[in-house]
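**Q** My questions all concern the structure below.
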Amino acid sequence: MDRNLALELVRVTEAAALACGRWVGKGNKMAADEAATNAMRRTLGSMDINGTVVIGEGEMDEAPMLYIGEQLGTEGAAEVDIAVDPLEGTNICAKGMNGAIATIAIAPRGGFLHAPDMYMEKIAVGPSAKGAIDINASPTTNLKTIAATKNCNVEDLTVVILDRPRHEKAITEIRTAGARIHLISDGDVAPAIAAAVDGSGVDMLLGIGGAPEGVLAAAALKCMGGDMQGRLVFMSQEERERAVKMGIDDFEKVYTAEEMARGDVFFAATGVTNGELLRGIRYFSGGAETHSIVMRSKSRTVRFIEAQHYSDYKPTI
Ligand code: VTB
């Protein structure tokens with residue numbers, strides 16, 4: 001795939017973040033999500049790719065655009081699969097809280113795990129702890145191995161985990177083991193990526209979140225040489241049936257980042273609100289500033305991009 005697609009992708013996430021930036025703190029998550037989705041759909045449509053959405057805003061009958069199966073771009077161009085979350089963290093955006101991002105990844109056709117909209121148990125770390133995670137082991141064992149691999153103490157590690165009753169046991173265990181915890185109310189993609197950024201203050205993401213979000217995090221971690229494992233969590237028979245329809249037959253399978261995002265993968269994200277990974281949209285007189293990350297697995301180049309956008313030249317801001 002043409003490496004310049006990476007820079008095209010960051011335009012897509014910038015557009016989505018700028019569009020929902022105006023909705024930060026307004027208490028309307030639907031409007032924020034719609035603004036981001038519209039902008040992402042518009043900018044993606046002009047890219048030189050022949051893409052199919054495999055991780056999107058929902059099934060065809062529940063999402064007006066960027067639905068699973070939607071075809072985008074130009075016929076004859078590079079055939080890719082697209083994973084999107086135009087606004088990852090709709091609630092946090094609506095409340096003006098930390099950690100909302102606009103994000104997208106592309107892979108050669110067939111590259112992404114077709115993750116149904118259900119839960120996934122996840123464990124993710126950066127390159128400095130590669131090989132130190134085991135989703136089947138206890139949080140304590142994982143923390144000890146990660147600390148040994150990183151040549152630090154368990155007390156030096158910070159674990160990000162969604163603040164949900166389902167994580168009570170893990171939270172107690174992590175605290176007892178001595179690690180620090182950052183509880184988040186939503187949005188577990190950005191912290192998984194932050195675990196792979198030196199100096200972000202995050203060492204590991206742990207716990208059960210969305211499966212589609214897991215695939216996006218896997219794409220990013222693969223580009224960074226990080227490590228991730230994910231296992232689908234089935235809550236009902238209906239979810240099992242849906243997964244089978246999407247080609248999943250082993251319900252116990254532990255997926256690595258590579259198994260969730262195969263081939264030459266591209267990933268981009270832009271901050272909507274401030275977070276450990278990215279700064280949110282900042283407005284100034286006559287425009288706004290965005291902060292993005294864009295990367296590609298083949299070259300492992302990780303770019304952080306700050307951009308100024310001027311409303312005189314971009315009426316959409
Ligand atoms: C998860 C997480 C997402 O929503 O899907 C979460 O992966 C939903 O979890 O990042 P609950 O069902 O427990 O609310 C997000 O946080 C997106 O907002």
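The values are calculated or read from the model by the stated rules, or taken from the named source; none is laboratory data. Keep in mind that what you see is a predicted model, and the values were worked out from it rather than measured. Every residue, glycine among them, receives a Cβ derived from its backbone with ideal geometry; neighbour counts consider all protein chains shown. Remember, those area values only see protein heavy atoms, side chains included, never the ligands or the DNA or RNA. Shrake-Rupley method; radii C 1.70, N 1.55, O 1.52, S 1.80 Å.
**Q** Restricting to segment 82-121, and then to whatever is at positive phi and either buried (at least 21 other Cβ atoms within 10 Å of the Cβ) or without any contact (Cβ under 8 Å) to a residue 12 or more places away in the chain (or both), can you tell me which residue is farthest from the ligand (Cβ to nearest atom)? Can you show your working first?
**A** Let us first name the residues in segment 82-121 that are at positive phi, namely 89, 96, 99, 110.
Going one step further and asking which of them are either buried (at least 21 other Cβ atoms within 10 Å of the Cβ) or without any contact (Cβ under 8 Å) to a residue 12 or more places away in the chain (or both), we end up with 89, 99.
Working: 89: 5, 99: 9 Å.
Restricting to residues being at positive phi and either buried (at least 21 other Cβ atoms within 10 Å of the Cβ) or without any contact (Cβ under 8 Å) to a residue 12 or more places away in the chain (or both), the top hit is 99.
**Q** Moving to a separate point now. Quick check on residue 79: is it part of a loop (DSSP other than H, G, I, E, B) and surrounded by fewer than 24 Cβ atoms within 10 Å (Cβ to Cβ)? It would help to see each step written out before you state the result.
**A** Values: part of a loop (DSSP other than H, G, I, E, B): no; surrounded by fewer than 24 Cβ atoms within 10 Å (Cβ to Cβ): yes.
No: the conditions fail for residue 79.
**Q** Moving on to the next point. Might you check whether a residue that is more than 22 Å from residue 68 (Cβ to Cβ) and modelled with pLDDT of 95 or more occurs anywhere in segment 229-245?
**A** Filtering segment 229-245 for residues more than 22 Å from residue 68 (Cβ to Cβ) gives 229.
Filter once more, keeping what is modelled with pLDDT of 95 or more: 229.
Yes, segment 229-245 contains a residue that is more than 22 Å from residue 68 (Cβ to Cβ) and modelled with pLDDT of 95 or more.
**Q** Tally up the residues in segment 40-64 that are more than 18 Å from the chain's Cα centre (by Cα) and surrounded by 20 or more Cβ atoms within 10 Å (Cβ to Cβ), please.
**A** Qualifying residue count for the region: 4.
**Q** Take residue 124 and decide whether it is within 16 Å of the ligand (Cβ to nearest atom), under 23 Å from residue 159 (Cβ atoms) and open to solvent by less than 10 Å² (accessible area, probe 1.4 Å).
**A** Working: within 16 Å of the ligand (Cβ to nearest atom): yes; under 23 Å from residue 159 (Cβ atoms): yes; open to solvent by less than 10 Å² (accessible area, probe 1.4 Å): yes.
The answer is yes for residue 124.
**Q** Could you look through segment 139-176, keep only residues that are open to solvent by 50 Å² or more (accessible area, probe 1.4 Å), within 16 Å of the ligand (Cβ to nearest atom) and in contact (Cβ under 8 Å) with a residue 24 or more places away in the chain, and pick out the one that is farthest from residue 194 (Cα to Cα)?
**A** Ranking the qualifying residues of segment 139-176, first place goes to 166.
**Q** Identify, please: which residue in segment 256-295 is crowded, with 24+ Cβ neighbours inside 10 Å and not hydrophobic (A, V, I, L, M, F, W, C) and is, among those, farthest from residue 123 (Cα to Cα)?
**A** 290
**Q** Also, quick follow-up: Which condition breaks for residue 190 when tested against (1) within 10 Å of the ligand (Cβ to nearest atom); (2) open to solvent by 30 Å² or more (accessible area, probe 1.4 Å); (3) of a type in the set (A, V, I, L, M)?
**A** Residue 190 satisfies every listed condition except (2).
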